[in-house]
Structure formats: structure tokens, C-alpha cells
Amino acid sequence: MSIKRLLMGALAVGATIGIGGCGGAGSGATPTPSSGGLTIPGLGGGTTGSAPAANTLLTAGTVQTISGDSNVAAIAGTCSGTTCVYGDTAGSGGGSGVIVVEPFPGVFGQAALQAAIAAALSSHAAGSGGTAQSVSGLGSGAIKEVDANTVTYAFVKNNYLVVISVSSGTKSGADMDSQVGAAAQSVAGSL
């Protein structure tokens, strides 16, 4: 999954969460995003407290190790308290990573967040040939997608929506899955 696709999916997930959070209790329908990919927009404004900065939860060193690309570094201007994007600064190894830790206020119920994650990953999986699978032990609604050279984990923990994605030019998604899963466990434990 390219970083561009990951970032483009933000609008779809944000719209799903916004619609799901505003709908009446009896609406019955679960909205789905209209575009592939998975990223979380800067909806923020949550009253969940503060999480550690995104770049301390998933470091460049961790992305280097998982992707097998020692040239991975944070891309200038992309790291904030809630997001950090990593890429190969030499342009040779193809390693990259993204972490998003987005707080949401309590009005966005866990069910709406879980539905947004499931819909976004399922939509992307259908378009990319990957498969979305449920994951236990990370929080609510944890799902992962393993593509040819990318692994993405998304979950909800304590009103934070978390997305971790790592890509490699030299390793398969299957080879990176357990390492990205371990990084997701570490992040979940910090929230």
C-alpha cells in the first residue's frame, strides 16, 4: 500500500466515523467508505487525554528493522503528535511506514470506530488483492491486512484509533507480519 493510498483513505474513514457518530440509534445501516486505502484524518478534538507522540510509538529504527531498509527516516514535516510518515531517504530500498494515533471524543462509539476500520480495510483489500483479518489482543475492532509487500494493522484502544503500516521493497508482507504485529502490541500497551 503506497503512502498516497494510505493518506487518501483518510477521507473515507473520517466520513464513515462522522456519519456513524451522528446517526440515530435506530438507523440500522452502517455507512461504508467510497475509496480504498486506510488513513485517519485529523478529526481530533477528543477528550481522551494525550497519548505519547506518534514518532515515539513507532520509531524510524523500528521501521528500518521491519522493512529491512536502513535508509528509512522520518520524512521532514510529516511527524506530529498524532502522525508520522517514514520513507527511504536514499530512494533505493523502498522501505516506508506510517503511524496514526488519532484521539476521538466519546461521542464516537467504539462500534462506529470498529465499523470504520473494518469497512476501510475490507474496501482496500478488495482493490489490492490483500486480505483483511480480525486480530485479537490489541484493543477493540483490531484488523490487519497483509499485502504482497505491506502490512497494516488498525485498532481502537481507549478512544484512540491507531493505524500502523509498513512497506518494504525487499521483504514480503508475510515476512513482516509478525514484526508489525509486535509493534502494534507495543503501541497498544502504551495507550
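The values are calculated or read from the model by the stated rules, or taken from the named source; none is laboratory data. None of the values given here were measured: they were computed from a predicted structure. All Cβ positions, glycine included, derive from the backbone under ideal geometry; neighbour counts span all protein chains shown.
Filtering segment 51-68 to residues that are surrounded by 16 or more Cβ atoms within 10 Å (Cβ to Cβ) and in contact with a helix residue (DSSP H, G or I) (Cβ under 8 Å, 6 or more places away or on another chain) leaves Ala51, Leu57, Leu58, Thr62, Thr65, Ile66, Ser67. Looking at segment 163-191, which of its residues are at pLDDT 90 or above, touching a Phe, Trp or Tyr at 6+ places or on another chain (Cβ under 7 Å) and not in a helix (DSSP H, G or I)? Residue satisfying the conditions is Ile164 alone.
Residue pairs whose Cβ atoms lie under 6 Å apart, separated by 6 or more positions or on different chains, with the first residue in segment 76-105 and without any contact (Cβ under 8 Å) to a residue 12 or more places away in the chain and more than 16 Å from Asn158 (Cβ to Cβ) and the second crowded, with 16+ Cβ neighbours inside 10 Å and not aromatic (Phe, Trp, Tyr), are Thr78/Val85. Consider segment 75-127 and keep the residues that are assigned to a loop (DSSP other than H, G, I, E, B) and among the polar types (S, T, N, Q). The one that is modelled with the lowest pLDDT is Ser92.
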